[in-house]
1. Looking at Gln150, Gln133, Gln126, Gln113, which is the one that is assigned to a helix (DSSP H, G or I), assigned by TED's automatic domain parsing to the domain that holds Glu173, polar (S, T, N, Q) and touching a Ser or Thr at 6+ places or on another chain (Cβ under 9 Å)?
2. Is segment 250-270 home to any residue that is out of contact with any Leu (no Cβ under 6 Å at 6 or more places or on another chain), modelled with pLDDT under 85 and within 30 Å of Ile225 (Cβ to Cβ)?
3. With respect to the numbered conditions (1) touching a helix residue (DSSP H, G or I) at 6+ places or on another chain (Cβ under 7 Å); (2) surrounded by 16 or more Cβ atoms within 10 Å (Cβ to Cβ), which one is the sole condition not fulfilled by Glu155?
4. Considering only residues that are assigned to a helix (DSSP H, G or I) and either farther than 19 Å from Asp96 by Cβ or in contact with a Gly (Cβ under 7 Å, 6 or more places away or on another chain) (or both), which ones fall in segment 165-199?
5. Identify all residues within segment 172-185 that are surrounded by fewer than 15 Cβ atoms within 10 Å (Cβ to Cβ) and touching a residue at least 40 places away in the same chain (Cβ under 8 Å); write none if there are none.
6. Can you tell me which residues in segment 298-339 are at pLDDT below 65, farther than 13 Å from Ile36 by Cα and of a type outside the set (Ser, Thr, Tyr)?
7. Which one of the conditions (1) surrounded by fewer than 16 Cβ atoms within 10 Å (Cβ to Cβ); (2) closer than 30 Å to Gly326 by Cα; (3) outside the structural domain of His227 (by TED's automatic domain parsing) does Asn92 fail to meet, given that it meets all the rest?
8. For segment 10-74, give me every one of the strands (runs of 3 or more DSSP E) that falls completely inside it and has 1 or more residues that are closer than 14 Å to Ser221 by Cβ and modelled with pLDDT of 90 or more.
Amino acid sequence: MKKSIFIGILAIVLGSIGYCFSIGEAVSTPVYTGFIECNITKAMSQSSGKIIEINVEEGQQVSKGDLIAIIDSSDLLFQKDKIIAEIAIKENKLEDLIEGADANDFKQITLQQEGLKLKIALATDQLKIKSNQLEDARALLESNAISAEQLENVELAYQQAQTDLSVLNKEYEKTTLAYEDLLEGVNPHTLAIAEEELKLSEIARQSIERKIEETHIFAPSEGRIRHVYFNENEMVSTGAILADLLEQESLYVQFYVDEANFSKIELGGNIKLILDGSGETFTAKITKISDYAQFTPKNISTKADRQSLVFKVKADLEESAEFHSGMMVDIELEAGAAE
């Protein structure tokens, strides 16, 4: 009995498929299923750090240039203040060089030299002490009176004393050169160096200001926020997507046409969209046709039986008020030449 019922149902199904296929052959206007889609733009971070403010939520409509989020810029602001202070110092230095030296300049350098001489003398004595301590430590190590680790500490102290003395000697050389420049008047080479240093600081200021601006993320286009990927107080890296937007003004329909009806479509040609439920019809213009055939995607179905090979087609909507991204519509290929 069950076997007879199964055979009967199978016969009805096969008959229905054959009927639909024969209707499809008889009707000159194939019907397909399409998906309404739109362009998606991404609001991306151009800076890294902690998000201190999120100004949008999912589903919100935004205009191009609206503030999406703010990344902490406190470290950058500190660097900017430091650079501005350096610029002020370098500007004063450059002005002094241009105006020339006075008695006070000679006095300041002389005082610096005297102070450095005293420090060099003390550092020289300290180096001698560390040198004697190192010799004693090596002798003690040979008699196993101290450990190798203790000798290493004495060697490090000696090396530090050498470094300290070297730094002081270099500082003294700089003051000597500066004193000679004052005696000779404005040295063109020194003036050029000062101008270049000031220019580099100005470039650094512009760079840091640009980085501070990049901590504010704005909407790249008008649209509706589809998804926000971060929360406040989360860390974000450069290039991360903070949110993406659906451009409702760029709605289009995408569908797949089988090989048998491929010759019925052309760029610029029209198709008719039929809304489920209301049955309202709208017109769309074909703007892109795939150059190659592909197997029908699993999530796409046609009104007739699924075909093995299909061509992807994109058509822009001439009227978009009734449509939303993600909707499914029926599509009929309209006859007639493209406009």
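The values are calculated or read from the model by the stated rules, or taken from the named source; none is laboratory data. No experiment lies behind these values; they were computed from the predicted model shown. So basically every Cβ, Gly included, is an ideal-geometry build from the backbone, and we count neighbours across all protein chains shown.
1. Values: Gln150 fails: touching a Ser or Thr at 6+ places or on another chain (Cβ under 9 Å); Gln133 fails: touching a Ser or Thr at 6+ places or on another chain (Cβ under 9 Å); Gln126 fails: touching a Ser or Thr at 6+ places or on another chain (Cβ under 9 Å).
Only one candidate qualifies: Gln113.
2. Yes, the conditions are met somewhere in segment 250-270.
3. (2)
4. Of segment 165-199, the ones assigned to a helix (DSSP H, G or I) are 165-184, 188-199.
Across segment 165-199, the qualifying residues are Leu165, Ser166, Val167, Leu168, Asn169, Lys170, Glu171, Tyr172, Glu173.
5. So in segment 172-185, the residues surrounded by fewer than 15 Cβ atoms within 10 Å (Cβ to Cβ) come out as 173-174, 176-177, 180, 183-185.
Listed by number, the residues that qualify are Thr176, Gly185.
6. Keep residues of segment 298-339 that are at pLDDT below 65, which gives 298-307, 319-321, 335-339.
Still in the running and farther than 13 Å from Ile36 by Cα: 298-299, 301-307, 335-339.
Selection gives Lys298, Asn299, Lys303, Ala304, Asp305, Arg306, Gln307, Ala335, Gly336, Ala337, Ala338, Glu339.
7. Here Asn92 clears every test but (2).
8. Filter on segment 10-74 gives 40-44, 67-71.
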